[in-house]
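Working notes, beginning with the structure itself.
Read the figures in this text as sums done on the coordinates, not as results from a lab. Please read these numbers as outputs of a predicted model, since none were measured by experiment. All Cβ positions, glycine included, derive from the backbone under ideal geometry; neighbour counts span all protein chains shown.
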Amino acid sequence: MDDIDRKLLTSLQQDSRLPNAQLAEKLNISASSCWRRVKALEEAGIVERYAAIVNPKQMGLRFEAIVHVHLTRHDTEALARFIAAVQRREEVTECYATTGQADYHLRILCRDIDAYNEFLEGFLFVQPAVNSAQTNVVLRRIKANGPVR
């Protein structure tokens, strides 16, 4: 990857709907060269997909939290069941396995505190591998969806 590829990736992350001609002009390269570079980045797996960034509040999802999950069981089968269950829940928009005190960190979006309580009681706390969870309510976003450079 060279500097043009990096600038191309930054531009795509800012607005993936830019027409190829505009993108090429912005990078001061030919349209055909730009198209080839984009295709090469896609084929290399650097560009995984294109997506719309949605405003959760405009979708009625006014409650956001980061949940730190502590497991009691770490055997392969229990972990696989926990991960599969988390992947099926629409409230979980992101999930990370991490080092440190908590085993997993979940980003949760739902309509309100009542919906979040339903998520906890009806889903998270009934998972056999879950020992406990600590919730940090997001008061406001400072930075999100920043470009990868």
Among the residues of region 13-35, are any assigned to a loop (DSSP other than H, G, I, E, B), within 26 Å of Q127 (Cα to Cα) and among the charged types (D, E, K, R)?
no
Evaluation of V47 against (1) within 18 Å of Q134 (Cα to Cα); (2) touching a Leu at 6+ places or on another chain (Cβ under 6 Å); (3) β-branched (V, I, T); (4) surrounded by 15 or more Cβ atoms within 10 Å (Cβ to Cβ) (one fails), failing number:
(1)
Can you confirm whether region 46-66 contains a residue that is touching a Phe, Trp or Tyr at 6+ places or on another chain (Cβ under 8 Å) and within 30 Å of V137 (Cα to Cα)?
yes
